[in-house]
Amino acid sequence: MIITRDTHVTVEAPPGASLDASGPAGVWTLTGEALAVSDADGPATVLVPNEAARLLAVDLPLPTRAKRLAALPFAVEELIAEPIDSVHLALGIELSPKRYLVGVVRHDRMAEWIARIEAEGLGHAALVPDALALPQPAAGEWAVELGATRALVRAGDGTGFAIPVPLLRTAWDAAGKPRTIAYGTALPADMADSADALALDPLARRLLAPALDLRQGIYAVRRTGSGFWRRLATVAVLGLLAHVIIAALDTLALRNIANARVAETRELVAARAPGTALPEEGLASAVADLLPRPGAGGGANPFLAAAARLSAALTPLGADLSVRTMRTEGTSLIVDLDSTDPAFAGRVRTTLASGGIDAAVAPIDGGVRITSPLS
């Protein structure tokens, strides 16, 4: 039995990407000589020979399809003979929890198949290994379709293969003589002792949702036609709507920030200038009116200059410095500091004198008050 092996993970197309109604529909079979229609109904699907597509059941205990695709080369590289870069991997259905169907095909074979179907106007079709056209049997069983020269087998684990008829019994023995379900031609007597013989549903019905479409990644169907443009327009509209929603949320967030700043400003004015009434409108102008005016002749704001000088002089106090309030009264800057240290007033006085600041320092309840000229 010769089963070619190939594998290189390429980013997948979205599920259903191959079901594009931009050409002939129906199920077709690709052989070494021809492309023939097998069932005129159903979505456009081309069955490719399973001899050139290896099917594996691979454990991929990862939460997303993207992560499963990223891990796929590492999961299968010990199961195949070819270099990982020479093959294409396609990820199929979940066969059991965290276990997935994987198709392995050489890149040159994929390119050949796609060139052939595009030449026949079926470039929009899904590519499905033909063993997957058989129903999946129960665990430990084989579904077998016996032809004149080759047999298709779908195993109970969800995988499948094609094999020359003379080798079928050998493969069956090697697999432990699984119970068989025959479709079509009867199986050899020794394989059919416990076999069921069943009729197949129409091919198109079996392939409405194939277990694996090889048209993924760089081999995905290229979308064209009105359906594509409708989907593109939908994406554009959704993108525009998203921008509008984001802009609205940004506006709401900025409004909430502004409201928070207004509340903080009102609290600050209430703490620094008790009893001051602030209007509901024109808050910025009202707060600006509370600030000390520039000095005579248009000089710099004396409050800011005095506060800067005082702050620089008090820097040596470091972590011991805790400002309770800062305000102006007439031509003086009044700063109240919090402290429970009885010697703190002396330390402040010494520190200001060292910094060249002319200021009166006096103890107050729970702290120290500094009175310094604005100029």
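Quick one: which strands (runs of 3 or more DSSP E) lie wholly within the range 142-205 and hold at least 2 residues that are within 20 Å of Ser38 (Cα to Cα) and touching a residue at least 12 places away in the same chain (Cβ under 8 Å)? Break it down into steps so the answer makes sense when it comes.
Working: elements: 150-155, 160-164, 179-184, 196-198.
Answer list for the range 142-205: 150-155, 160-164, 179-184.
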Out of Ala57, Ala40, report the one residue that is within 29 Å of Thr149 (Cα to Cα) and surrounded by 15 or more Cβ atoms within 10 Å (Cβ to Cβ). Ala57
In the range 337-365, anything in contact with a strand residue (DSSP E or B) (Cβ under 6 Å, 6 or more places away or on another chain), without any contact (Cβ under 8 Å) to a residue 40 or more places away in the chain and assigned to a loop (DSSP other than H, G, I, E, B) is listed as Ser339
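Only one residue in Ala277, Ala306, Ala362, Ala313 is of a type outside the set (Asp, Glu) and at pLDDT 90 or above, so which one is that?
Working: Ala277 fails: at pLDDT 90 or above; Ala306 fails: at pLDDT 90 or above; Ala313 fails: at pLDDT 90 or above.
Of the residues listed, the single one that is of a type outside the set (Asp, Glu) and at pLDDT 90 or above is Ala362.
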Quick one: Gly158 ticks every box in (1) buried (at least 23 other Cβ atoms within 10 Å of the Cβ); (2) not assigned by TED's automatic domain parsing to the domain that holds Pro188 bar one, so which box is it? (2)
Can you give me the number of residues within the range 95-132 that are more than 29 Å from Glu78 (Cβ to Cβ) and either assigned to a helix (DSSP H, G or I) or touching a His at 6+ places or on another chain (Cβ under 7 Å) (or both)? 5
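Against the definition (in the same structural domain as Leu60 (by TED's automatic domain parsing) and surrounded by 15 or more Cβ atoms within 10 Å (Cβ to Cβ)), how does Arg116 come out, yes or no?
Numbers: in the same structural domain as Leu60 (by TED's automatic domain parsing): yes; surrounded by 15 or more Cβ atoms within 10 Å (Cβ to Cβ): yes.
Yes.
The values are calculated or read from the model by the stated rules, or taken from the named source; none is laboratory data. If you're wondering where the values come from, they're calculated on a predicted model, not measured in any experiment. Here the Cβ is made from the backbone with ideal geometry for all residues, glycine too, and neighbour counts use every protein chain on show.
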